[in-house]
Amino acid sequence: MKPAGNSPRSVTVLGATGSIGDSTMDLLRQARDRYQVEALTAHSNVEALARLAREFDVRFAAIADPDRFDDLKQALAGTGIACGAGESAVVEAAARPADWLMAAVSGAAGLKPALAAADRGATIALANKECLVCAGDLFMQRAMQGGACILPADSEHNALFQALGSGNRDELTRVIITASGGPFRTWSATDIEQATLEQALKHPNWSMGQKITIDSASMMNKGLEVIEAAYLFALDPDQIDVLVHPQSIVHGLVEFSDRSVVAQLGTPDMRIPIAHCLGWPDRIAGPSERLDLAKIGQLTFEAPDFERFPGLRLAFEALRTGRGATTVFNAANEIAVAAFIARKIRFGAIARLVEATLDQWARDGNLAPLDSADDAIAVDHGARKLAAALLPQIAAKAS
Ligand code: NAD
Ligand code: MG
């Protein structure tokens, strides 16, 4: 909902110090007088959070790491800005009455605060895909019950959202999300297996947080996005295709029954989909570079390779399995990525750990429909424990 007249729109940014948070704050900075920032949150970077809180004269700032509370209080002393710490403070930030909220915490930690915003009927720009992968149906249900409006901030889903407006829902036959293919697009399976952290962190087109950059290299990110698309737009797995497009200019395409395909294009700059969410249903002027197709010259496309990038296959399988499998997929991937960053496992072991966790979870008879967010959180915790327990044997095993 937009405020009447010219009063500033109140906004909250969860994960304000991250890559998406930074792009969001940049857009808010461009039109300072149009927005009142209600709350900002961060995990542990007190200095960056306090700087933003002061700059935007926010009402509330929350730091997720409880050990940093004293530092935050000190950094905001004399400003009159209220502050809190811990998971509950991040949820409190989300529950405060802002019209528009950016959900850009990374990982499943974003679920509870996003639910708090959904319950109070906020307009939510959703960047945190893990919360949909972890509890997709439940999250969408809670958003509907709470009267919330979910706007996809992820570039591919934002593209689909824009393209979907060209036809009716019953005329939709397929959606296609593109993938850059990441830094290992042309690498052999053997080289991918041995890839180092430094190599995985070199994304060819997008500048993003560490977790999603690794996920892009493994194509787990695209797997998460397939699941995200299924829940966001209520699609069957068969209606979702992935297309490798190394230039990252075409972000998403929608095919209708007459075989028309409508796509959204733009330079690879997250401020474009975020600006779309911030302005919606209107358009706002954005600071991003204009798309110059003549300069780019060529747009190329390839089919994805499910063998060299097994994460993509596992995502489709988990989506088809349902009953908590996507929650397990996400949890195991978070554990695997953290282990890879800590140099405990090889790059190739990320997908192996996810597959082993999914298999063991099913063998243990743990697949069951998720009836509540607490169920999803319990599955998330259980799957993390299982993945952590399987980690040593996966780490020890060569490919
Ligand atoms: P990032 O790591 O740069 O930032 C994450 C933010 O969340 C930071 O502010 C951090 O302090 C906060 N945070 C991390 N753990 C937290 C916790 N446990 N509790 C509370 N806050 C915590 O990540 P990012 O690249 O900005 O991505 C954020 C989300 O947006 C992810 O879900 C990602 O998949 C999604 N996304 C990112 C991009 C991108 O271009 N970066 C694109 C599409 C979607
Ligand atoms: Mg994306």
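The values are calculated or read from the model by the stated rules, or taken from the named source; none is laboratory data. A quick note: this is a predicted structure, and the numbers were derived from the prediction, not measured. Virtual Cβ from ideal backbone geometry, glycine too; neighbours counted across all protein chains shown. Each accessible area value is taken on the protein alone, full model and side chains, heavy atoms only, with ligands, DNA and RNA left out. Shrake-Rupley method; radii C 1.70, N 1.55, O 1.52, S 1.80 Å.
Some observations on this one:
- At least 30 Å along the helix axis (C-alpha) and Kyte average at least -1.0, DSSP helices within the chain: 373-396
- Mean residue ellipticity (222 nm) of the chain, computed from DSSP H runs ≥ 4 via -39,500 (n - 2.57), nearest 500: -14500 deg cm²/dmol
- GNM remark for the chain: springs join alpha carbons under 10 Å apart, and the peak mean-square fluctuation among Ala325, Ala388, Ala42 falls on Ala388.
- Gaussian network model of the chain, Cα within-10 Å springs - most flexible of Ala95, Ala294, Ala315: Ala294
- Contact order normalised by residue count of the range 154-308, Cα under 8 Å, 6+ apart, percent: 33
- Test item: Cα-centred dipole of the range 11-155, Lys/Arg +1 and Asp/Glu -1 on Cβ, debye: 280
- Here each label is just a point 7 Å from Cα along the line to Cβ, and for Arg323 and Thr79 those points are 5.0 nm apart.
- With all protein chains kept in place, the per residue accessible area of the chain amounts to 42 square angstrom at a probe of 1.4 angstrom.
- A convex hull fitted to the Cα coordinates of the chain yields 140 cubic angstrom per residue.
- Dipole of the range 9-152, positive direction: furthest Cα of Val58, Ala98, Thr41, with charges on the beta-carbon: Ala98
- Taking the Cα centre of the chain as reference, the dipole from Cβ charges on Lys and Arg (+1) and Asp and Glu (-1) amounts to some 520 debye.
- Cα gyration tensor category, rounded, prolate or oblate, for the range 322-399 with a/c compared to 1.5: prolate
- For the range 9-152, the extents of the C-alpha atoms along the principal axes are 43, 34, 23 Å, listed from largest to smallest.
- Split the accessible area of the range 86-198 by element, probe 1.4 Å, and carbon with sulfur accounts for 48%.
- Considering only the Cα atoms of the range 154-308, their convex hull presents on average a projected area of 10.0 nm².
- Pairs spanning more than 20 Å between alpha-carbon atoms, out of Lys344/Lys397; Lys129/Lys397; Lys211/Lys397; Lys73/Lys211; Lys211/Lys295; Lys202/Lys222: Lys129/Lys397; Lys211/Lys397; Lys73/Lys211; Lys211/Lys295.
- In the chain, taking the dipole from charged Cβ atoms about the Cα centre, the farthest positive-side position among Val226, Leu278, Gly165 is held by Leu278.
- Taking only protein heavy atoms and a 1.4 Å probe, the accessible area of the range 26-85 is 43% carbon and sulfur.
- Carbon and sulfur %, accessible surface of the range 322-399 computed with the full protein complex present, 1.4 Å: 53
- Highest mobility in the GNM of the chain, judged by mean-square fluctuation with C-alpha springs under 10 Å and restricted to Lys295, Lys202, Lys112, is found for Lys295.
- Leading residue at positive end of dipole, the chain (Cβ point charges), from Ala109, Ser155, Met25: Met25
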